[in-house]
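Note sheet for the following structure.
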Amino acid sequence: MRHIITIIKKQIRDTLRNKAVFIQFVMFPALAAFMTKSIQIEGMPANFFVKLFAAMYVGMVPFTNIAAIISEEKEKNTLRVLLMADVTPWQYLAGVGSYVFFFCMLGAGVFCLLGEYTLGERGAFLLIMAAGILASLLLGAAVGAGSGSQMAATSVTVPVMLLFSFLPMFSTFNSDIAKVAKYTYTEQIRLLLDSLGTESGPLEGILIIAVNMILFAGLFCLLYRRQGFRQGRPALTKN
Amino acid sequence: MTTLIRAEHIAHSFGNQKILEDISFTVERGEVIGLLGPSGAGKTTLVNILTGQLKATGGSVRTGEEGRREPACLETGIMMDSFGLYERLSVWENLRIFADIYRVSGERIEKLLDRTQLRTARNTAVNKLSKGMRGRVNLCRALLKDADILYLDEPTSGLDPATTWKIHQLIREEREGGTTVFLTTHNMHEAETLCDRVMLLNQGKIVEQGVPGDICTRHNSRGEIEVTLRGGEKHVIPNAPESEILLSTWIREEKILSIHSSEPDLENVFLRITGRRLCD
C-alpha cells in the first residue's frame, strides 16, 4: 500500500507541472460547462452537452492519460528504476490507475453537477462514468504496456481514441454506424446516460461494457506477457 | 574476506546470439571490483543478471554472505547507465519518491545532497540540470539505501573531468565505509585508480581477471625497462644482464632522472589479448 501511495503522490506532483495532462483533465468539463450555460436552443434534449462531452471524456481522457504515463515512464527508464526499487508491476499499475481514476471522477463529478438530475440519477450517472473510466483505463494500460515510447503510444492512441470517442456521436446521425457502435463501451455509456430517468433497462449496456472490459484486460495481459515493463523492445509498435 | 556474490558458468543468449559465455567469478565484501570491456561486450547484460533484472539462460548466481545458514538478502543500490529520473520533478522530489519506497528519512536525503554537492540544486527541476549534475542525482539515488553492494553501470560515461573526479571521490568514500562496489566501465584509468580487482570482458567472455597491477605485470612479455635521463632523453633497454654496464655508467654519472619497468597498462593488455581497444 505504501508503494501505491508513493506512486500516486509522485503522479500528483508531476501533473501539477505537466500542463498538457492537466488541461486534458479540465478541458471537457470546462467545455461542457461553457456550452451548457451559453447555448440554449429550443427543442434540444435535456443535458445534451453534458451527455455528449461526458461520453467523449470517458473515451479520451483516461485512455490517453494512462497510455501516455506508462509509455513515458518506459521511454525515460523511470519505470525500470521503480521496478528495481521493489515496486511490483501491479503496485505501479494500481498507483497510476488510481490516480487517473480519481482525477477523472473529479471531472465526472463536474459533469454530474452540470446536469439536471435527481439525487438517485446523480448516483447512477457517477456509476456509469466509473464503469466507462475503468474500461478506458484497461485499454490505455494495454497500449502503454505494448508501446516502447510515447511516440509509439501516440500512434496507437490517436486512432483508437478517435474511434471510441466519436462513434457515439456518429451513431446518432447514422443508423448503420449505430449497429456497429452499440458493441463499444463508449456508445453504451452514452446510451446509459441517455436512459437516465427513463424506464429502459440497462442490462444490455452493462453486459457490453463488461465484455469490453474483459477484452481489454485480456489484451493487457497478452501485451504485458509479451513485453512486460522491463524489456526495451515494444510488443505493439516499433520505434 | 567474505564472498558476497558467487557467479558460476553464467551464460546468456538473445535468440541465437550468445551474449555471455561461461562467466565465473566471486565478489568479496568491501572490495571495488571492475568489469571492463568495450561497448557491446556484455557488461550491462551481466549487471542485469546480477541484479535480478534478467534471468540468465545458464549458470547460477549466489548472493549473500557465504557460510551463513540462511542466505542473507543483500541490500543493493543500483546506478544505471541511463538516468531514469523524473525530469519535471525537482532533485529533492526525485529522491523523496525513492526515500519513501525504501523507508529512508528526509535527513538522509539532506546528508546525501551535501555529500554530492547538490544542495544548491535541491529544488531545481531535473530537466534544468547539466548532464554531470544528473549523474550525481543518479548516484545519490543509488546511495539512498544503506547498501551492502553498489552496482555502478558506467557511472562517469560522458561526464566532464570535474564531475568524474567527484564521483570517484564518492565511490572511494563508500568503499571506506565498507560498501562493496561492482563497477562497469570502459575507462581503464577509472579501473586502475578505483578497483581492487578487475575482470576484462570481451565478446561475452572473461579474458583476464585479477589485481590491475598483477595483470599488467603478467603481460609484461617485452621484459624492458624505460629510463629517462636528465635533459629528457628516454631509453628503453632490455631488462637483462647486458644492460648492467650501461645502467651502472648512468648511475655513476648521476644521469638517471627516473627508471620504470615497461609493463603495459590495462588498455594495452586488453589490446594484446583481444586485438580490440577498450574504448572501441
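The values are calculated or read from the model by the stated rules, or taken from the named source; none is laboratory data. As the structure is a computational prediction, the values presented were derived from the model and not from experiment. Neighbour counts are summed over all protein chains in view; Cβ atoms, including those assigned to glycine, are modelled from backbone coordinates with ideal geometry. Accessible surface is based on the protein model in full, side chains and every heavy atom, while ligands, DNA and RNA are left aside. Shrake-Rupley method; radii C 1.70, N 1.55, O 1.52, S 1.80 Å.
Exactly one condition in (1) within 12 Å of another protein chain (Cβ to nearest Cβ); (2) assigned to a helix (DSSP H, G or I); (3) at pLDDT below 90 is false for B:N94; which is it? Of the numbered conditions (1) within 12 Å of another protein chain (Cβ to nearest Cβ); (2) assigned to a helix (DSSP H, G or I); (3) at pLDDT below 90, the odd one out for B:N94 is (3).
Within the set A:T198, A:T154, A:T186, the sole residue that is surrounded by fewer than 21 Cβ atoms within 10 Å (Cβ to Cβ), among the β-branched types (V, I, T) and in a helix (DSSP H, G or I) turns out to be A:T154. For segment A:117-133, check the following and say yes or no: at least one residue is more than 14 Å from chain B (Cβ to nearest Cβ) and farther than 21 Å from A:P202 by Cβ. No: segment A:117-133 contains no residue that is more than 14 Å from chain B (Cβ to nearest Cβ) and farther than 21 Å from A:P202 by Cβ. On the basis of being of a type in the set (K, R), within 14 Å of chain B (Cβ to nearest Cβ) and in contact (Cβ under 8 Å) with a residue 24 or more places away in the chain, does A:R80 make the cut? Yes, satisfied. Being closer than 29 Å to A:S38 by Cα, more than 14 Å from every other protein chain (Cβ to nearest Cβ), among the β-branched types (V, I, T) and in contact with a Ser or Thr (Cβ under 6 Å, 6 or more places away or on another chain): is that true of A:T64 here? The answer is yes for A:T64. Within this structure, A:P89 passes the test of being in contact (Cβ under 8 Å) with a residue 12 or more places away in the chain, more than 19 Å from the chain's Cα centre (by Cα) and either away from chain B (no Cβ under 14 Å) or surrounded by fewer than 16 Cβ atoms within 10 Å (Cβ to Cβ) (or both). Residues in segment A:107-147 that are open to solvent by 10 Å² or more (accessible area, probe 1.4 Å) and of a type outside the set (A, V, I, L, M, F, W, C): A:G109, A:E116, A:Y117, A:T118, A:G120, A:E121, A:R122, A:G123. Of the residues A:F166, A:F102, only one is under 20 Å from the mean Cα position of the chain (by Cα) and surrounded by fewer than 17 Cβ atoms within 10 Å (Cβ to Cβ); which? Residue meeting the stated conditions: A:F102.
Can you tell me which residues in segment B:11-59 are aliphatic (A, V, I, L, M), part of a strand (DSSP E or B) and either open to solvent by 60 Å² or more (accessible area, probe 1.4 Å) or over 22 Å from B:G77 (Cα atoms) (or both)? B:A11, B:I19, B:L20, B:I23, listed by residue number. Comparison of B:G232, B:G213 shows that the only residue that is under 22 Å from B:H168 (Cα atoms), without any contact (Cβ under 8 Å) to a residue 40 or more places away in the chain and open to solvent by less than 70 Å² (accessible area, probe 1.4 Å) is B:G213.
For residues that are farther than 18 Å from A:C104 by Cα and in a helix (DSSP H, G or I), scanning just segment A:34-56, find the one that is most open to solvent (accessible area, probe 1.4 Å).
Only one residue fits best here, namely A:K37.
Taking segment B:42-62 as the range and being of a type in the set (A, V, I, L, M, F, W, C) and either at positive phi or within 21 Å of the chain's Cα centre (by Cα) (or both) as the test, the residues that pass are B:L46, B:V47, B:I49, B:L50, B:L54, B:V61. Out of all the residues in segment B:153-171, which are surrounded by 14 or more Cβ atoms within 10 Å (Cβ to Cβ) and in a helix (DSSP H, G or I)? Scanning segment B:153-171 gives B:T163, B:T164, B:K166, B:I167, B:H168, B:L170, B:I171. Annotation: of all residues in segment A:122-152 being of a type in the set (A, V, I, L, M, F, W, C) and free of Cβ contacts under 8 Å to residues at least 60 places away in the same chain, the one that is nearest to A:V100 (Cα to Cα) is A:A130. The selection criterion, being surrounded by fewer than 22 Cβ atoms within 10 Å (Cβ to Cβ) and of a type in the set (S, T, N, Q), does not hold for B:T185. Of the residues making up segment B:110-136, those that are open to solvent by 50 Å² or more (accessible area, probe 1.4 Å), outside any loop (DSSP other than H, G, I, E, B), more than 14 Å from chain A (Cβ to nearest Cβ) and out of contact with any Cys (no Cβ under 9 Å at 6 or more places or on another chain) number 5.
Determine which member of the set A:K10, A:K37 is out of contact with any helix residue (DSSP H, G or I) (no Cβ under 8 Å at 6 or more places or on another chain) and of a type outside the set (A, V, I, L, M, F, W, C).
That would be A:K37, the only listed residue that is out of contact with any helix residue (DSSP H, G or I) (no Cβ under 8 Å at 6 or more places or on another chain) and of a type outside the set (A, V, I, L, M, F, W, C).
I'd like the residue in segment B:97-109 that is assigned to a helix (DSSP H, G or I) and farther than 21 Å from A:D14 by Cβ and, out of all such residues, is nearest to the other protein chains (Cβ to nearest Cβ). My answer is B:R108. On the basis of being surrounded by 16 or more Cβ atoms within 10 Å (Cβ to Cβ) and within 16 Å of the chain's Cα centre (by Cα), does B:T193 make the cut? No, not satisfied.
Test B:T156 against the criterion of being over 21 Å from B:T2 (Cβ atoms), hydroxyl-bearing (S, T, Y) and modelled with pLDDT under 85, and give yes or no. Even if it seems obvious, please write down each step before you answer.
On the way: over 21 Å from B:T2 (Cβ atoms): yes; hydroxyl-bearing (S, T, Y): yes; modelled with pLDDT under 85: yes.
Against the criterion (over 21 Å from B:T2 (Cβ atoms), hydroxyl-bearing (S, T, Y) and modelled with pLDDT under 85), B:T156 qualifies.
If you scan segment B:142-184, which residues turn out to be among the polar types (S, T, N, Q) and over 15 Å from the mean Cα position of the chain (by Cα)? B:T163, the sole residue that qualifies.
Note on segment B:75-91: among residues that are part of a loop (DSSP other than H, G, I, E, B), surrounded by fewer than 21 Cβ atoms within 10 Å (Cβ to Cβ) and touching a residue at least 60 places away in the same chain (Cβ under 8 Å), the one that is nearest to the chain's Cα centre (by Cα) is B:D81.
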